[in-house]
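For reference, the structure discussed in these notes is given below.
The values are calculated or read from the model by the stated rules, or taken from the named source; none is laboratory data. Since the structure is predicted, the reported quantities are computational estimates derived from the model, not experimental observations. For neighbour counting, all protein chains shown are included, and Cβ atoms are generated from backbone atoms with ideal geometry for every residue, glycine included.
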Amino acid sequence: MPASSNGETSGHEEKGGDYPITTREPEALDDAASPTKGVDAAWEFLDANRGQEHEQVDLARLRTKIDWHIVPLMFCCYTMQFLDKVILNYAAVMGIHEDLNLQGNDFSNIATFLFVGLLCFEIPNIYFLQVLPAAKWLGFNVVSWGVATACGAAAYNYQTLLVSRVFLGIFEATIGPSLMLISSQYYTKSEQAPRFSFWYLGLGLGQIIGGLVSFAFQHIEGAGLAGWRIMFITLGVVTVIIGLATFFFLPDTPMKARWMTDSEKVALLKHVSVNRTGIDSRKFRPRQILDALTDPQMYLMTLSVVLLSVSSGVVTTYSSTLIRNLGYDPKRAALMNMPSGAVSIFFTLLVGFGVRFRSHRWAWIIACICPAILGGALMSFLPVTNRSGILAGIYLVNAVVAPLTVFYAWTAANFAGATKRAFAVAIVSGSFSLGNIIGPQTFQARDAPEYRPAKVAVMGTQAGCAFTTFLLLLYYVWMNKKRDSVPRDTEAEESYMSPEIWAQLTDRENKKFRYTY
């Protein structure tokens, strides 16, 4: 695929932009004692299948084949992780407050501690993602959080519901990092953006399905269990089924995909070798953690996602409550929340394909933040009698969920080295959790029913995210200009058999690495 076709201006991702390593930095010498020490497992597969590269493989057809085998499962996982979180939002208008005698800020605390559990488990998740197959680890956790969701139906007071939601957060901690790592194994940097968007569409679909599910279960009468309890059990069972399918059918690496021939695997590895981020390495390298902790992009990326995710926490937990406070009954409030999913899907597709064909990740992020700021203003400053305007504001805020997939793809593209990349995706995913911890806490019982401070917080955090995103752009431009003095070859793909292409160097150690923006 020609590099010029996607409009990339900063990474030259597919050909002509990433090049064979001829020197190593001193900190990388522990993996450089021999030509093949410390290389990725992909090189070992290529070395064992020399000669397969001479067979012709249609890359466009192969990409389609890969898309149909892995993206639907990832999409289902992401849909259920959002649904299993957001059902608390819908349960709020289905009588959960009365059934569990929730008082004051109990509901906000339950929403918050899900993300506390998620955030706390991101650190051990870094290690597990490094030493265990990502697909198997993901499947195990999907099954586990399905069980936790179903167990929420047994809650009988504030404390028991809180415990079930904490465990839900613990098991959901791996979803973002796992999907980022798995996606990056099969696609070049520019190809990753729309695929990240495809599985991230599960969030928008979850919003739509969630409204329908809540509406349906509110019509249950005369059952032995409350409608929200049956909803928890049903979605938990569906999640367990999807988790089992993920465990057994999602390959751990391209090299283990039973539905690809050896020739197709070689062609794919050759194609993605230009990423210089590797495929699979089970060696844990503590020095790469230090590299990440001293990397400015780590802090700019983390701060951006925290600011972005404050609004996400508002959308996830309180959108149904805000709509109900406009005077709608619970059933109508559930249905009125469904357009939020359509807005999420539209902007997610827009940025996914926009990045693929026009690059400029930073610009697409800011383009989505602007309508979210407008939505925050409509929510905050219109009189409560203007229901249509406030509803439009609630819907527009959902544009803010789309940039998260760009940040995820950006992280997978710009952090190299297996341990550093696993650490980076976990921290970025964890910063999403931190934003979601802050978001619900801006809703204080004393501010009901308008919750104006929370609405104003949406505008302020989005503006801050736009600023830090622009700083990230300036950092990448500066780093690439510093490296432009390094001589560059012309055909990176042709050097794919070199062990140096698959060496486990970080993006800062490898002076031939170019950052995308």
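For segment 114-134, which residues satisfy the criterion of being within 20 Å of Asp84 (Cβ to Cβ) and either surrounded by 19 or more Cβ atoms within 10 Å (Cβ to Cβ) or in contact (Cβ under 8 Å) with a residue 60 or more places away in the chain (or both)?
Initially, segment 114-134 is screened for residues within 20 Å of Asp84 (Cβ to Cβ), giving 114-122, 125.
Across segment 114-134, the qualifying residues are Leu114, Phe115, Val116, Gly117, Leu118, Leu119, Phe121, Glu122, Asn125.
Checking Arg165 against (1) closer than 25 Å to Arg332 by Cα; (2) of a type in the set (D, E, K, R); (3) in contact (Cβ under 8 Å) with a residue 60 or more places away in the chain, only one condition comes out false. Which one?
Here Arg165 meets the rest and fails (1).
When only residues in segment 326-365 that are polar (S, T, N, Q) and closer than 27 Å to Tyr475 by Cα count, which is surrounded by the most Cβ atoms within 10 Å (Cβ to Cβ)? I'd like the intermediate steps shown before the answer.
Residues of segment 326-365 that are polar (S, T, N, Q), as a first pass: 337, 340, 344, 348, 359.
Still in the list and also closer than 27 Å to Tyr475 by Cα: 348, 359.
Numbers: Thr348: 28, Ser359: 22.
Once the filter is applied, the top-ranked residue is Thr348.
Is segment 244-254 home to any residue that is assigned to a helix (DSSP H, G or I), at pLDDT 80 or above and of a type in the set (D, E, K, R)? Working first, answer last.
Filtering segment 244-254 for residues assigned to a helix (DSSP H, G or I) gives 244-249, 254.
Checking which are at pLDDT 80 or above leaves us with 244-249, 254.
Next, only the ones that are of a type in the set (D, E, K, R) stay: none.
Within segment 244-254, none of the residues are assigned to a helix (DSSP H, G or I), at pLDDT 80 or above and of a type in the set (D, E, K, R).
Cβ contacts < 6 Å: first residue in contact (Cβ under 8 Å) with a residue 60 or more places away in the chain, restricted to segment 198-213; second residue outside any helix (DSSP H, G or I), any location; separation 6+ or different chain. Result?
Note: pairs meeting the criteria are Gly211/Asn337.
Can you give me the number of residues within segment 94-110 that are touching a residue at least 12 places away in the same chain (Cβ under 8 Å), of a type outside the set (S, T, N, Q) and in a helix (DSSP H, G or I)?
Qualifying residue count for the region: 6.
Starting from segment 365-393, take each residue that is in contact (Cβ under 8 Å) with a residue 24 or more places away in the chain and in a loop (DSSP other than H, G, I, E, B) and list its partners that are buried (at least 17 other Cβ atoms within 10 Å of the Cβ) and of a type in the set (A, V, I, L, M), counting only C-beta distances under 9 angstrom and pairs at least six apart or across chains.
Within 9 Å, the pairs are Val384/Leu326; Val384/Ile390.
List every residue pair whose Cβ atoms sit under 7 Å apart, with the two residues 6 or more apart in sequence or on different chains, where the first one lies in segment 282-309 and is over 14 Å from Gly430 (Cβ atoms) and at pLDDT below 85 and the second, anywhere, is of a type in the set (A, V, I, L, M) and surrounded by fewer than 18 Cβ atoms within 10 Å (Cβ to Cβ).
So the pair list comes out as Arg282/Val131; Phe284/Val131.
Going by the structure shown, is Ile437 surrounded by fewer than 24 Cβ atoms within 10 Å (Cβ to Cβ) and farther than 24 Å from Ile345 by Cβ?
On the way: surrounded by fewer than 24 Cβ atoms within 10 Å (Cβ to Cβ): yes; farther than 24 Å from Ile345 by Cβ: yes.
So Ile437 passes the test.
When Phe171 is evaluated against the numbered criteria (1) surrounded by 20 or more Cβ atoms within 10 Å (Cβ to Cβ); (2) free of Cβ contacts under 8 Å to residues at least 24 places away in the same chain, which criterion, by number, is the only one it fails?
(2)
Would it be correct to say that Asn105 is over 28 Å from Ala257 (Cβ atoms) and among the polar types (S, T, N, Q)?
Values: over 28 Å from Ala257 (Cβ atoms): yes; among the polar types (S, T, N, Q): yes.
Yes: the conditions hold for Asn105.
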